[in-house]
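The values are calculated or read from the model by the stated rules, or taken from the named source; none is laboratory data. Just so you know, these numbers come straight off a predicted model, no measurement behind them. Note: ideal-geometry Cβ built from the backbone for every residue, glycine included; neighbour counts use all protein chains shown.
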């Protein structure tokens, strides 16, 4: 058996580094295109209502036959139980589950290429928020998942999570 050498260690490390760079350059799961988000107020006060609009435009070449979306507040707003509540969900949805300060729903499907489906959430800010000093920034983190292009039993899916929220859904509460 040959003895272990620094040269051999260098070759092994170079191979590992090369593989690491190769795999790091590979794309992650495909990002979702065609999403838009909006809130009707960039500033609000205790007791106000906000309207969040979440839309999905099919940018694929085939119909989207399954589409799911959820939205919840980002930190630290997600720790403020009762400070605000999702009170309604309307629009191009087959169902909508509202649970305190979050909501999830399925867009009506199929969604033809180029078509857009939208859902509107109404959020009520409590009259007596518990977060203390104002202003307080409320932001929302959407998650979108959809399936399309089912050919011969093969499904293509895309999903994306905006863990830290999106500027289009941010409201400063004073």
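For this structure, a couple of remarks:
- Test: residue in the stretch 94-106 that is loosely packed, with under 12 Cβ neighbours inside 10 Å, assigned to a loop (DSSP other than H, G, I, E, B) and in contact with a strand residue (DSSP E or B) (Cβ under 7 Å, 6 or more places away or on another chain): no
- Where residue 109 falls short, out of the listed (1) out of contact with any helix residue (DSSP H, G or I) (no Cβ under 7 Å at 6 or more places or on another chain); (2) in a strand (DSSP E or B); (3) touching a residue at least 40 places away in the same chain (Cβ under 8 Å); (4) surrounded by 15 or more Cβ atoms within 10 Å (Cβ to Cβ): (2)
- Some residue of the stretch 22-32 being on the phi > 0 side of the Ramachandran plot, touching a strand residue (DSSP E or B) at 6+ places or on another chain (Cβ under 7 Å) and either at pLDDT below 95 or assigned to a helix (DSSP H, G or I) (or both): no
- Each residue in the stretch 72-91 was checked for being modelled with pLDDT of 95 or more and either in a loop (DSSP other than H, G, I, E, B) or within 18 Å of residue 165 (Cα to Cα) (or both), and 0 of them qualify.
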